Amino acid sequence: MAMSGLKIVARSLRVRAVSTLISAFSVAVAVAMLLTLLTLSRANDRAFEAGTGNADLIVSREPSGLVSVLNTFFYAAAPVDYIDWATFERQLNSPGPRRMPPIALIGDTGWYVPVAIGDSYRGRAVLATTPEFFEKFTPRAGGEGWSFAQGRPIEGAFDLVLGSDTARATGLAIGEIVHLTHGAPGPGGQLPEDAHVHTDFDFRVVGILERTGTAHDRALFAHIEGSWRMHASDLGDESARDLETPVAPQHQKVTAVLIKAGGRPGSTVTAAFAPLQSDLTRMTGLTIANPATEVRRLLRIVSNIDQVLIAMAVVILLSSGVSILLSLYNSMATRRRQIAVLRVLGASRKRIFSMVIAESAFIGLLGGLVGVVLAVVAGGLVAQALWMRVGVMLDPSLEPIPVLWTLGGTVVLAVLAGLAPAAVAYRTSVAGNLRPLV
């Protein structure tokens, strides 16, 4: 198109600046919604899939495997029941149907680590565990192990390690004393009515973790022995205060056990995983779940909602195309004389048609570009809100391919919306619209 044609298009858009901006804004909102939903849907899947770490199985007394995964790895709520640790270890070492104990299926290359959730500090969950938790368990599936920004892992009974976000939010430093609160926080960080502070037991901060991008960044990690002694004392067992005296078996309670099935170097864990899960399932009253499977089940449920929301965003985008159509179509009534003058000055019908299409395409492109900017802002805000609310770290970065497809689709939609107004301009009569104005 000649430069004069582009100037005419630009002037026409400026004359109708209000309607142009309204149409472009409607496109921008629809594009922003669509890109934000697409981006966060993919980011959400990646975050939840990685957030369960490298455990093959989780054993608990939760009502379902999904609840167990959400409570243990994402600190969604306080567990409803406990496992007797001494009994569990005894069953783990007792011969099963294969005339071998389940522990044999774990082998030298596997591991099992107890965890207990039930306390908190300033509304942040405390996970009590053993030192092996930091040696064996990795916070992100397929990722590296824990890294410490300061200090070291737990060793003594009353050692405490802080997640990176907890350290930032609380301002706690290495060596400071912390008194834990009985009761795990629920949604929004609310504590139960019976929550009370364990002022008789001093936990000392010995380490601060590097950021992992998981819910563990918002947690605190205590030695499970200290947790057992603290709760045993609450129940009137004064011997629990003596570190030289072993904690009585009846006070050794855990909320879950993380298990990694063993296998030969270079082989998959499938051979050991299936029989191990089968043997553990026979233990009365326990819920056995594969974290990866439970997360996939959750994502299938969530994906149905995502599809509905994305469909709504597409409908809004289509309606923005209708807005462009109406804006240009209504303007044709006041532009007939202008079009007739252009025809007299030598503009062909095809050129008039292409200029109207160019106007429509420009509105679509402008709205699309603004929508991309809005999607970047909205994605960052939503990701931050999810991080602060539930501790799930999402990467809100826009992927180039969906952006290009969305922009291209938006321009095509705008061009289609401009066909009807362009057809009206194409058929505009020169003689009928150059009569003197009276």
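Here are some notes:
- Matching entry among T52, T36 (being modelled with pLDDT of 85 or more and in the same structural domain as V370 (by TED's automatic domain parsing)): T36
- Residue ID - nearest to A50 (Cα to Cα), chosen from residues in the stretch 377-412 that are more than 16 Å from the chain's Cα centre (by Cα) and buried (at least 16 other Cβ atoms within 10 Å of the Cβ): V403
- Looking only at the stretch 213-234, residues that are at pLDDT 90 or above, farther than 29 Å from M388 by Cβ and in contact with a helix residue (DSSP H, G or I) (Cβ under 6 Å, 6 or more places away or on another chain) come to 2 in all.
- Counting only residues that are surrounded by 21 or more Cβ atoms within 10 Å (Cβ to Cβ) and either part of a loop (DSSP other than H, G, I, E, B) or among the small types (G, A, S) (or both), the stretch 77-89 holds 1 of them.
- Tabulated pairs, the stretch 152-173, first touching a residue at least 40 places away in the same chain (Cβ under 8 Å) and of a type in the set (S, T, Y), second assigned to a loop (DSSP other than H, G, I, E, B) and surrounded by 18 or more Cβ atoms within 10 Å (Cβ to Cβ), C-beta under 8 angstrom, 6+ apart or interchain: S164/T212; T166/L172; T166/A219
- Condition met for R61 (among the charged types (D, E, K, R), at pLDDT below 90 and assigned by TED's automatic domain parsing to the domain that holds G262): no
- Hits in the stretch 130-148 (condition: surrounded by 14 or more Cβ atoms within 10 Å (Cβ to Cβ) and in a helix (DSSP H, G or I)): E132, F133, F134, K136
- Selection over the stretch 119-143 of residues that are within 16 Å of V206 (Cα to Cα) and under 23 Å from the mean Cα position of the chain (by Cα) gives a count of 2.
- Residue match in the stretch 211-230 (condition: surrounded by fewer than 21 Cβ atoms within 10 Å (Cβ to Cβ) and either in a strand (DSSP E or B) or outside the structural domain of S147 (by TED's automatic domain parsing) (or both)): no
- Answer residue from the stretch 41-57, given it is touching a Pro at 6+ places or on another chain (Cβ under 7 Å) and of a type in the set (A, V, I, L, M, F, W, C) and is farthest from W387 (Cα to Cα) among those: A55
The values are calculated or read from the model by the stated rules, or taken from the named source; none is laboratory data. The structure displayed is predicted, hence computed values, not measured ones. Every residue, glycine as well, gets a Cβ built from its backbone with ideal geometry; the counts of neighbours run over all protein chains shown.
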